[in-house]
Structure formats: structure tokens, C-alpha cells
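Please read the structure below before turning to the comments.
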Amino acid sequence: MAHVPASERRPQLVQAAIDLMAREGVAAGSTRAIAAELGVAQATVHYTFGTKKDLYRAVIEQLTAEFIGSVRAVSPGDGTFGEQVRTLVHALWESSTGEDGRCMLLSEFAALAMRDPDLQEIMRALQYETEGTAAEMITALARVHDLRLAVPAEEIAVHFLSGFHGLTDRYLSLRAPGERPGPDTLRALDVLVATTVGLCLAAPAGV
């Protein structure tokens, strides 16, 4: 078999790990199984990444980049500030609850991180990056509408993402295979949009 440089093998292994774990879950992502997914020796995985932690970090970074990229690519369209926020949030929802299982992996990693210090370090960086991206998008949208945010964008981002992650985790854990979100779920999502827009426009009591 021809030698493949580590710079080329690395993204191949990351993709193989994502494909495998999206189908079977994070627990199935052993280095042996990932190697078999790509059709290489197990030693190739260890040589390319060094440790399983390094491989997990690469997988999470790739998933995060794809997730954030898909949201940034969405146009908020025309309309009021609130209407544009709603458009972006529903695009985020579609990216988070797709059938390919990729975003569910981030929830699985987050759950595992509660008892794994190495994973906790990786997921903490992911959380801060996601919050920073959300704050940037809120600030940019407010600037377009010549709107002065009533609460710092970073605090609004934490509020929104806390609620959003709760809704996505609830939906993903309760839905039947192939089931689409029902009216109650979509209503809860719109309530989250409304509270987030309200926080942008008016500071809560005591703030």
C-alpha cells in the first residue's frame, strides 16, 4: 500500500470517525473500529493522532466548524430585527436536529465530558467558541438595525444557547426515528426566540 502523508491521512481518519460515530454513537469510536472504517491498520490511527484525546479533539473541532459554518451561511433575509433572529434560529435548529446524527454527537460528547476531565477541557473550548460566534452574530444584526442592545451580547448568547441546547436535547432524546418536530416543540422554539429578542430590546429588572 502506498504511503499516505499524515497531513492527508488526518482528515480521512476524522471523517471516518465522524461517519462511524454518527451511525453507532461515540462509544463505538474505538481506534480499532475507526481504522477498520477507513481500511487502515490500527497503528495508523495512533501514529497520526498520538492519543485518543487528540482524535476526539479533531472530531469535535470538525463538527463545530461544520455546524458554525452552516449557520453563518444562512441569510437572515428581510424583515424586522425579531423576524431575522427567528430566521437564523430556525436555520440553527435545522442544522442541529438533522437526520445524519452529526450534531447529536456533540451532545454525546458533552454528556461524557461530565466525568472525563480531558473531554471537559475540549468541550469547554467548544462552548466558549459557540457563545462567541452567537454574540458576534447578535451584535452584527443589531448594528444593521441601528439597535443598541439592552444587555451585553455575550450574556444574551449564554441565555439563548442554554435554552436552545435544552430544547434540542429534549427533542433528540424523545423523538421517534424519522419523526419531525411537532407544534409543541416549534412553539417552544418560538418562545425562546421571543425571550431572546425581548432581552435584546429591554434589560430585565435588576440588570
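The values are calculated or read from the model by the stated rules, or taken from the named source; none is laboratory data. Since we're looking at a predicted model, the values are computed, not measured. Note that each Cβ is placed from the backbone with ideal geometry, even for glycine, and that neighbours are counted across all protein chains shown. All accessible areas refer to the heavy atoms of the entire protein, side chains included, with ligands and DNA or RNA removed. Shrake-Rupley method; radii C 1.70, N 1.55, O 1.52, S 1.80 Å.
For the stretch 15-23, indicate whether the set of residues that are under 18 Å from the mean Cα position of the chain (by Cα) and open to solvent by 70 Å² or more (accessible area, probe 1.4 Å) is non-empty.
yes
So which of A157, A140, A135 ends up being closer than 30 Å to L55 by Cα, without any contact (Cβ under 8 Å) to a residue 24 or more places away in the chain and open to solvent by less than 60 Å² (accessible area, probe 1.4 Å)?
On the way: A157 fails: without any contact (Cβ under 8 Å) to a residue 24 or more places away in the chain; A140 fails: closer than 30 Å to L55 by Cα.
Result of the check over A157, A140, A135: A135.
Six or more apart or on different chains, Cβ atoms under 9 Å: show the pairs whose first residue is in the stretch 45-63 and free of Cβ contacts under 8 Å to residues at least 24 places away in the same chain and whose second is buried (at least 18 other Cβ atoms within 10 Å of the Cβ) and not hydrophobic (A, V, I, L, M, F, W, C).
H46/T31; K52/G29; K52/T31; D54/T48
If you take the residues of the stretch 143-154 that are free of Cβ contacts under 8 Å to residues at least 40 places away in the same chain and touching a helix residue (DSSP H, G or I) at 6+ places or on another chain (Cβ under 7 Å), which of them is most open to solvent (accessible area, probe 1.4 Å)?
E154
Would you pick out the residues in the stretch 60-81 that are under 17 Å from S95 (Cβ atoms) and charged (D, E, K, R)?
Residues satisfying the conditions are E61, E66, R72.
Conditions first: (1) within 30 Å of A91 (Cβ to Cβ); (2) open to solvent by 30 Å² or more (accessible area, probe 1.4 Å). G29 passes all but one, so which condition is the exception?
Tallying (1) within 30 Å of A91 (Cβ to Cβ); (2) open to solvent by 30 Å² or more (accessible area, probe 1.4 Å), G29 fails exactly one: (2).
Looking at R23 and the list (1) at pLDDT 90 or above; (2) on the phi < 0 side of the Ramachandran plot, which single condition is not satisfied?
Against the list (1) at pLDDT 90 or above; (2) on the phi < 0 side of the Ramachandran plot, R23 comes up short only on (1).
Output the residues belonging to the stretch 163-194 that are polar (S, T, N, Q) and either surrounded by 12 or more Cβ atoms within 10 Å (Cβ to Cβ) or not in a helix (DSSP H, G or I) (or both).
Of everything in the stretch 163-194, those that are polar (S, T, N, Q) and either surrounded by 12 or more Cβ atoms within 10 Å (Cβ to Cβ) or not in a helix (DSSP H, G or I) (or both) turn out to be T168, T185.
Looking only at the stretch 38-82, count how many residues are open to solvent by 50 Å² or more (accessible area, probe 1.4 Å) and polar (S, T, N, Q).
So the answer is 5.
When the stretch 114-131 is examined, which residues are found to be within 15 Å of the chain's Cα centre (by Cα) and either open to solvent by less than 30 Å² (accessible area, probe 1.4 Å) or among the polar types (S, T, N, Q) (or both)?
I122, M123, L126, Q127, T130
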